[in-house]
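Participant: Mind looking over this structure? Questions follow.
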Amino acid sequence: MLGRSLKLRQVSAGGCNGCEADVNVLGTVVFDLGRFGIQFVASPRHADGILVTGPVTANMREALRRTYDAIPEPRIAIAVGACAISGGPYAGCAETHDGAGSTVPIDLFVPGCPPHPFTILEALIGLLGRKAPPP
Ligand code: SF4
């Protein structure tokens, strides 16, 4: 479905910014996400899928849903970090929705609090059906 490239729109749906930081470093020379054909794009209309971090706060739920809906089908959704998987340390909080699965259908879960950047990289490469390089 994805061929040899993957364009993702990232949505920070709350959280502590730890997962966002580890996603951001994937663009540095150490990880160089682009060499695998994987890129983050500015518009969901240019994306194959969405990468969500954070537990989905009440303020971000509608934005997350709209961003997902703006991605052309077929599309995928990836939950990165304990917050996006199940709410993490915010689980049960009245102002959050216990993870991205509450709002969009999730195809890939990447565990950790936060996940190591190599964990995220390996998951994305695995999604494309390739083998991750050794760290
Ligand atoms: S999973 Fe952990 S590191 Fe990531 S946003 Fe939640 S609390 Fe922060």
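Participant: Antiparallel DSSP bridges in the chain: what percent, to the nearest 5?
Facilitator: Percentage antiparallel, nearest 5: 5.
Participant: OK, next. I need the shape label for segment 58-135. Rule: rounded when a/c is under 1.5, else prolate if a/b > b/c, else oblate, with a, b, c from the alpha carbon gyration tensor.
Facilitator: The shape class here is oblate.
Participant: Please give the length that would be gained between Thr28 and Ser102 if that part of the chain were fully extended, namely 0.36 nm times their separation in residues minus their C-alpha to C-alpha distance (nm, one decimal).
Facilitator: That pair, Thr28 and Ser102, stretches by 23.5 nm at full extension.
Participant: Segment 66-101 to segment 31-57: how many Å between their Cα centroids?
Facilitator: The distance from the Cα centre of segment 66-101 to that of segment 31-57 comes to 14 Å.
Participant: Sticking with this structure for a sec: At 0.36 nm per residue, minus the direct Cα-Cα distance, what do Leu128 and Glu62 gain on full extension? Give it in nm, one decimal, please.
Facilitator: 20.9 nm is the gain from fully extending Leu128 to Glu62.
Participant: Continuing with this model, one more query. Using only helices, what value at 222 nm comes out for the chain when you add -39,500 (n - 2.57) per DSSP H run of length 4 or more and divide by the total residues, to the nearest 500 deg cm²/dmol?
Facilitator: Value at 222 nm, helices only, nearest 500: -6500 deg cm²/dmol.
Bear in mind these aren't lab numbers, they're just calculated from the coordinates by the rules spelled out. On a predicted model such as this, the values are computed, not experimentally measured, just so you know.
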